[in-house]
Every structure is written in structure tokens, then in C-alpha cells.
Amino acid sequence: MNRKIISLIVVFSLLLLPAALAEPIARVGALKGPTAMGMVEMMDANADAYAFTLAAAPDEVVPLLVKGELDIAAVPANLGSVLYNNTQGAVRVLAINTLGVLYIVERGDTVHSVADLKGRTLVTAGKGSTPEYALNYILRGNGLDPEQDVTIEFKSEHAECLAAMLQDESVVAMLPQPFATVAQTKAEDMRVALDLTAEWDALQADAEQPSAMITGVAVARADFIENNPEAVAQFMADYEASVKFVQENPADAAQLIGSFDIFEAGPAEKALPFCNIVFIAGEEMRDKLSGYLGELFAQDPAAVGGAVPEEDFYF
């Protein structure tokens with residue numbers, strides 16, 4: 001075959017290579033729930049620019065990040081600290097993406113303050129993780145001993161908590177969004193009694209540097225940040241825009257959440273106003289997150305990986 005014809009064929013073939021073969025700006029992992037909900041606009045609008053991985057549990061995402069198969073991940077706030085400590089600073093935090101999403105749910109109308117939980121049986125998932133530490137902090141801050149004044153029963157998943165409430169009307173539950181919203185559809189007398197984010201804020205009101213209850217953060221490998229500053233800047237801009245879209249367009253965002261199989265669209269739309277999805281970076285992130293991790297460390301150093309992170313943890 002004529003060399004000129006062969007060259008033309010090669011050039012034409014290269015032009016037809018799919019855009020997907022191009023390197024993504026970043027490989028991003030997120031958990032199905034509020035920590036991924038804020039990403040849905042960029043997942044839809046920038047599908048060709050990023051490689052997204054959605055997972056049901058943190059242990060599906062963490063190995064990929066540590067091995068370098070992911071560049072960025074949305075994970076529970078305390079897990080970001082644990083990763084920083086366990087990798088000797090090889091993971092840094094970019095932004096807070098979710099504030100508190102925990103609520104006390106009951107059947108009836110008997111719980112109007114944290115004090116009303118005294119003597120009650122409370123079911124929750126999340127033993128040894130953020131929900132347990134947050135609950136203990138709020139109970140103690142209101143003069144209740146978690147081991148003496150409240151019977152706390154830990155379940156393996158949120159569905160078990162709901163089942164316990166449906167079986168016994170006297171049981172209360174601590175549920176995150178969007179599960180707290182879903183619970184209200186299961187019984188006519190089901191109601192959200194307390195917003196634990198508001199309870200946390202009340203305890204912090206007189207603090208010199210008030211912390212916040214924080215559910216999720218976006219973290220990245222330190223080497224990715226150092227070697228790809230433009231990619232990180234682009235991700236931060238796209239992520240902030242995505243969160244703004246979700247905040248301002250809950251109906252459209254809920255449809256995207258459903259299409260990406262993060263959560264059912266109907267319940268997601270109802271829950272979004274209560275999911276506290278945010279984009280907080282820079283100094284405000286550092287102040288809020290460091291205070292929160294300090295509270296967890298005071299309860300159990302293992303909750304944050306044995307030590308409160310140093311300044312280099314914060315992007």
C-alpha cells in the first residue's frame with residue numbers, strides 16, 4: 001500500500017480515538033449518601049473530565065486512595081484524619097463537604113430536648129465512628145451519662161433501627177439524612193424530634209473558636225496535590241459550583257442523585273434541605289474541622305487515628 005495512504009489512515013485513526021482515552025483531571029471516589037450528593041452536577045456535566053467511583057462503604061474507597069488508584073475521595077471527616085495519621089501525612093483535606101446530618105427520630109411527641117432522652121432506649125448505627133462520638137458529646141454536654149442515663153443499642157445498619165422503632169413505639173432512633181426523611185414515610189406518628197447539628201452548635205456557642213459537627217470531607221493524596229496544582233484548582237472550582245447547584249436546585253439535583261443510583265430521587269428531594277451539603281475550604285475549613293477532630297480526640301484518640309492532625313493536613 002502507498003506510504004502516503006498509510007499515513008493518512010494512521011492520522012484519521014488517531015482523530016477517531018475516543019475522548020475517554022484522555023487522562024482525566026482527577027480520579028474521584030465518593031460514598032453513596034450526602035458526601036456524594038454534592039458532586040452530582042459535576043458528575044453529570046463533567047463526566048468526560050473526571051473518572052468517578054461510587055461506593056457503598058469507606059472500606060471500598062480507602063484502599064484505592066492509599067494505593068494511588070484514586071486521587072481524591074469524599075470520606076467521613078474522622079476517616080480523613082485517620083488516613084493522614086496512618087500514611088504519615090500522605091493524605092490532605094481539601095474541603096468540608098457535609099456538616100451534621102444526624103437527627104433524633106421518634107414515634108409520638110415526647111422528645112423536645114436532649115434531656116428528654118433520659119431513661120429512653122435509643123437505637124443507632126455507627127458504633128466506633130462519628131455518630132457514636134457525636135451522640136456522646138451531645139449527651140454529656142446536656143448532663144446525661146451515655147452509659148447510665150440512656151440505653152444505647154447499636155445496629156449494623158439504619159434499616160434495623162427503623163425496624164426496631166416500628167416494633168416498639170417507645171424506642172427512639174438516631175438516623176442520618178436521607179434515612180431520617182425516609183423513616184417519616186413508614187408510620188404516621190413518626191417525627192424528627194431533634195437536629196443534632198443544632199444541639200452541637202448550642203454547646204459550642206460560647207467557645208472561643210466554635211467547632212461544627214462535620215460528617216464528610218474531600219481528601220486527596222499529597223503527591224497528587226503537589227504534582228497537579230492546576231488539576232486540584234479545577235476540581236475545587238468544579239466541586240464548589242456543583243454544591244451550589246445542588247443547594248439551589250433540589251428537584252433537579254434529586255433527579256441526578258437518582259440517576260446515579262446514590263439514593264431514590266423522591267426521598268432525596270425531600271431530604272436535601274436537611275443534608276447540610278456544603279463546600280467549605282481554606283481557613284474556615286481548618287477552624288471548623290480542627291475543633292471537631294479535637295472533640296473526637298478528647299473522647300477517643302483512636303477516632304482520629306491517634307493524634308489530631310498537624311497544620312500540613314489542611315490544604
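Can you tell me which residue in segment 94-119 is nearest to residue 192 (Cα to Cα), limited to those that are part of a strand (DSSP E or B) and of a type in the set (Ser, Thr, Tyr)?
103
Check segment 85-93 and report whether any residue there is out of contact with any helix residue (DSSP H, G or I) (no Cβ under 6 Å at 6 or more places or on another chain), β-branched (Val, Ile, Thr), open to solvent by 30 Å² or more (accessible area, probe 1.4 Å) and assigned to a loop (DSSP other than H, G, I, E, B).
yes
If you go through segment 29-78 one residue at a time, how many are among the aliphatic types (A, V, I, L, M), part of a helix (DSSP H, G or I) and within 18 Å of residue 277 (Cβ to Cβ)? Can you show your working first?
Step one: filter segment 29-78 for residues among the aliphatic types (A, V, I, L, M), giving 30-31, 36-37, 39-40, 42-43, 45, 47, 49, 51, 54-57, 61-62, 64-66, 70, 72-75, 77.
Narrowing further to those that are part of a helix (DSSP H, G or I): 36-37, 40, 42-43, 45, 61-62, 64-66, 77.
Next, only the ones that are within 18 Å of residue 277 (Cβ to Cβ) stay: 36-37, 40, 42-43, 45, 77.
Going through segment 29-78 one residue at a time, the tally reaches 7.
Could you tell me which numbered condition residue 110 fails, if it satisfies all but one of (1) surrounded by fewer than 16 Cβ atoms within 10 Å (Cβ to Cβ); (2) of a type in the set (Ser, Thr, Tyr); (3) farther than 30 Å from residue 187 by Cα?
Answer for residue 110: the failing condition is (3).
More than 18 Å from residue 96 (Cβ to Cβ), open to solvent by 60 Å² or more (accessible area, probe 1.4 Å) and not basic (Lys, Arg), is that true of residue 199?
No.
Considering segment 44-61 alone, what residues qualify as being among the aliphatic types (A, V, I, L, M) and surrounded by fewer than 21 Cβ atoms within 10 Å (Cβ to Cβ)?
Within segment 44-61, 45, 47, 49, 51, 54, 55, 56, 57 qualify.
Being closer than 21 Å to residue 280 by Cα and open to solvent by less than 40 Å² (accessible area, probe 1.4 Å): is that true of residue 217 here?
The answer is yes for residue 217.
Is it the case that residue 157 is acidic (Asp, Glu) and closer than 22 Å to residue 294 by Cβ?
Answer is no for this residue.
Can you name every residue in segment 172-205 that is free of Cβ contacts under 8 Å to residues at least 24 places away in the same chain and more than 22 Å from residue 133 (Cβ to Cβ)?
Once the filter is applied, which keeps residues that are free of Cβ contacts under 8 Å to residues at least 24 places away in the same chain and more than 22 Å from residue 133 (Cβ to Cβ), segment 172-205 yields only 188.
Report, by residue number, each residue of segment 92-144 that is free of Cβ contacts under 8 Å to residues at least 60 places away in the same chain, in contact with a strand residue (DSSP E or B) (Cβ under 6 Å, 6 or more places away or on another chain) and among the basic types (Lys, Arg).
Within segment 92-144, 120, 127 qualify.
Restricting the search to segment 261-298, which residues are surrounded by fewer than 17 Cβ atoms within 10 Å (Cβ to Cβ) and either polar (S, T, N, Q) or closer than 19 Å to residue 137 by Cα (or both)?
Matches in segment 261-298: 287, 294, 298.
Sort out which residues of segment 248-283 are closer than 22 Å to residue 175 by Cβ, assigned to a helix (DSSP H, G or I) and touching a residue at least 24 places away in the same chain (Cβ under 8 Å), and write them in order of number.
Passing the criteria: 253, 257, 267, 268, 270, 271, 272, 274.
Among the residues of segment 174-223, how many are over 15 Å from the mean Cα position of the chain (by Cα) and of a type in the set (Phe, Trp, Tyr)?
Going through segment 174-223 one residue at a time, the tally reaches 1.
Hey, can you tell me all the residues within segment 130-142 that are open to solvent by 10 Å² or more (accessible area, probe 1.4 Å) and under 21 Å from residue 181 (Cβ atoms)?
130, 131, listed by residue number.
Which members of segment 165-180 meet the condition of being open to solvent by less than 20 Å² (accessible area, probe 1.4 Å) and in a helix (DSSP H, G or I)?
If the condition is that a residue be open to solvent by less than 20 Å² (accessible area, probe 1.4 Å) and in a helix (DSSP H, G or I), then 165, 180 are the ones that fit.
Against the condition farther than 22 Å from residue 274 by Cβ, hydroxyl-bearing (Ser, Thr, Tyr), in contact (Cβ under 8 Å) with a residue 12 or more places away in the chain and open to solvent by 70 Å² or more (accessible area, probe 1.4 Å), how does residue 151 come out, does it pass?
yes
Filter segment 181-220 down to residues that are part of a loop (DSSP other than H, G, I, E, B), of a type in the set (Ser, Thr, Tyr) and farther than 22 Å from residue 139 by Cα, then give me how many there are.
The number of residues fulfilling the criteria is 1.
Assess whether residue 73 counts as being within 19 Å of residue 216 (Cα to Cα) and surrounded by 21 or more Cβ atoms within 10 Å (Cβ to Cβ). Before you say what the answer is, go through the steps one by one.
On the way: within 19 Å of residue 216 (Cα to Cα): yes; surrounded by 21 or more Cβ atoms within 10 Å (Cβ to Cβ): yes.
For residue 73, the condition - within 19 Å of residue 216 (Cα to Cα) and surrounded by 21 or more Cβ atoms within 10 Å (Cβ to Cβ) - is met.
Quick check on this structure: which one of 226, 240, 230 is more than 30 Å from residue 297 (Cβ to Cβ), open to solvent by 10 Å² or more (accessible area, probe 1.4 Å) and either more than 19 Å from the chain's Cα centre (by Cα) or of a type outside the set (Val, Ile, Thr) (or both)?
Numbers: 226 fails: more than 30 Å from residue 297 (Cβ to Cβ); 240 fails: more than 30 Å from residue 297 (Cβ to Cβ).
Every option except 230 fails the conditions.
The values are calculated or read from the model by the stated rules, or taken from the named source; none is laboratory data. Fair warning: this is a prediction, and the values are worked out from it, not measured in the lab. Note that each Cβ is placed from the backbone with ideal geometry, even for glycine, and that neighbours are counted across all protein chains shown. For the accessible areas, the whole protein counts, side chains as well, though only heavy atoms, and no ligand, DNA or RNA atoms are used. Shrake-Rupley method; radii C 1.70, N 1.55, O 1.52, S 1.80 Å.
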